[in-house]
Structure formats: structure tokens, C-alpha cells
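Read the structure below first, then the notes.
The values are calculated or read from the model by the stated rules, or taken from the named source; none is laboratory data. Everything numeric in this text was worked out from a predicted model, so none of it was measured. With ideal geometry, Cβ positions are generated from the backbone for all residues, glycine too; neighbour counts draw on all protein chains shown. Surface accessibility is based on the protein's heavy atoms, side chains included, excluding ligands, DNA and RNA. Shrake-Rupley method; radii C 1.70, N 1.55, O 1.52, S 1.80 Å.
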Amino acid sequence: MSDDLIIAGRAFKSRLIVGTGKYRSFPEMARAHAASGADMVTVAVRRVNLADRSKESLLDYIDRKKIFILPNTAACYSADEAIRTARLAREVGLSNWVKLEVIGDQQTLFPDTEQLIEATRVLVKEGFVVLPYTNDDLIAARKLIDAGAAAVMPLAAPIGSGLGIQNPANLRILRERITEVPMIVDAGVGTASDAAVAMELGADGVLMNTAVAEAADAVLMAEAMREAVSAGRKAWLAGRMPKRLYASASSPQSGVVR
């Protein structure tokens, strides 16, 4: 049976979404993308040279026949900035999809929820498919869905921190209470076990960049992340055994000859 990730009616074979920043070279990035198995990658619009296409660009290293580009509004600190950046991405032919980031604090890179909801509302009305990066906050997530978001993407930890899942309880609450759209864990993953835990908590997908790009062997880490996301998804679907305070014999006691 197919277990595609469905967002806004579009099917993706992989539940791992990767980024394009911080790699040591564009060829390394391309190899890592291939090893990850991802069929969607996110690109920071404001960090791509869109004016002079004669110069080398990371876009030259993404096979758009195989990989869907998800523009993001990284480094935007207001709804107006993010809206203009999303419009630019659409105008130059990147996509009418957007990973929406509206940052509220420069040191933590936590989102500005009020501005994020406003930008979501405007962009959805303009025909964008909006995937907002947000806090692990149920109320914010509900307001984003009401504004028309096609998914919600709560952080696991601050962007680029590699701290892993810091608040599993909130992610469990989000998983139980959000059923209308996918929940994709975004930011904070540091290694493969973090990705597996996110998926075991019921996330529909995981988005990461730094954990792969800053690994000593980015390509090998990308492969590890691919396997971790797959394993975590299977574990979630399988349903884990209940936790018990005391031991429970692995072999049944009934029928034992004494």
C-alpha cells in the first residue's frame, strides 16, 4: 500500500524534507539530496541570486524533474516582508507554495505568531499553498489552520540547534488535536534518532537542514535520516507496546509443565 505524504492534494513519496543551506559545496548538497531520498527541498528565496541566472546558483544543482522546490521566507521579520518574498518566488517561477517563516527574535529565531497568522491569511487568499513554521503551540496551530494553512510545522527545538525533541508532550497534543492537515516537525533535529522520535510521536514528516549539512559526512547523514524517518513512520503505524512499571515475561506462563 502507498504511504505517501499528501499536502494540498499533492503526493510525496518521501516524508523527509531537506534544505539547501550550509553545505560545503553545491555538488555535496546534490549528493546529500540524492542520498536522503527527499522529493521536496526548501530554498531560501532571499539567499538565491534570482536576477542574474548566468552565475552559478544552487538551483542549478536541483533536478526539478525529480525534486519539488519549496521556497521559504527565511530572514523575514514581518508579515509584509514575508508576503513580498513569497510573491517574488512565484513571479520568478519557483513555486506558488511557500514555507512561511516570520521571525520574531533574532537570537532564538522563534516565530512571531501574530505576524505569521496574518501573512498566512493574506497569502492563502492570493492562491498560495502555505506551510508555516511555528511554535509547538496548539492554539497557534489552530489559528493557522483557520487562516488556510496547508500544513503546520512546529519546531522541535530552535533552528540549527541540533537539540532534538525538547517538548514531546506538546507534539503529542498537536498530533491528537490536529487531523485536518499534516503536521511536519521543523527545526532542531540533530541526528537520526531525533528524526525517528519525531515520527514515532506521529509527525507526518520531518524538515531539516543543518543536521545533514553540518555533519562530518553530509551524504552519509542524509542516508541515515532517510532510514530513520522511514523506521519511525513504521513504528508509529505499527503501534508500540504499552509501557509497564513491572516486568512481563516474554514467554507465556500458561501451559508450562511443572
Can you tell which of GLY148, GLY188 is open to solvent by 20 Å² or more (accessible area, probe 1.4 Å), at positive phi and of a type outside the set (Val, Ile, Thr)?
GLY148
Look at ARG31 and say whether it is at pLDDT 95 or above and more than 23 Å from LEU155 (Cβ to Cβ).
yes
ALA34: open to solvent by less than 20 Å² (accessible area, probe 1.4 Å) and among the small types (Gly, Ala, Ser), yes or no?
no
Answer yes or no: is there a residue in the stretch 80-94 that is within 18 Å of the chain's Cα centre (by Cα) and surrounded by fewer than 22 Cβ atoms within 10 Å (Cβ to Cβ).
no
Could you check VAL43 against (1) part of a strand (DSSP E or B); (2) open to solvent by 50 Å² or more (accessible area, probe 1.4 Å) and say which number it fails?
(2)
Do any residues in the stretch 117-143 that are under 12 Å from ASN96 (Cα atoms) and free of Cβ contacts under 8 Å to residues at least 60 places away in the same chain have Cβ atoms under 6 Å from those of residues that are open to solvent by less than 40 Å² (accessible area, probe 1.4 Å) and part of a strand (DSSP E or B), where the two are at least six apart or on different chains, and which pairs are they?
LEU123/VAL130; VAL124/VAL130; PHE128/VAL98; VAL130/VAL98; VAL130/LEU100
When you scan the stretch 15-23, do you find a residue that is out of contact with any Gly (no Cβ under 6 Å at 6 or more places or on another chain) and either hydroxyl-bearing (Ser, Thr, Tyr) or more than 23 Å from ALA215 (Cβ to Cβ) (or both), even just one?
yes
Pairs, please: C-beta under 9 Å, at least 6 apart or cross-chain, first residue under 25 Å from ALA34 (Cα atoms) and of a type in the set (D, E, K, R) and in the stretch 217-242, second open to solvent by 40 Å² or more (accessible area, probe 1.4 Å) and in a helix (DSSP H, G or I)?
ARG233/GLU200
Within 27 Å of GLU81 (Cα to Cα), open to solvent by 20 Å² or more (accessible area, probe 1.4 Å) and part of a helix (DSSP H, G or I): does that describe ILE159?
no
Find all pairs meeting these conditions: Cβ atoms under 7 angstrom apart; at least six residues apart or on different chains; first residue within the stretch 4-21 and part of a strand (DSSP E or B); second residue open to solvent by 40 Å² or more (accessible area, probe 1.4 Å).
LEU16/ARG226
Identify the residue in the stretch 164-192 that is more than 14 Å from the chain's Cα centre (by Cα) and not in a helix (DSSP H, G or I) and, among all such residues, is farthest from GLY202 (Cα to Cα).
THR191
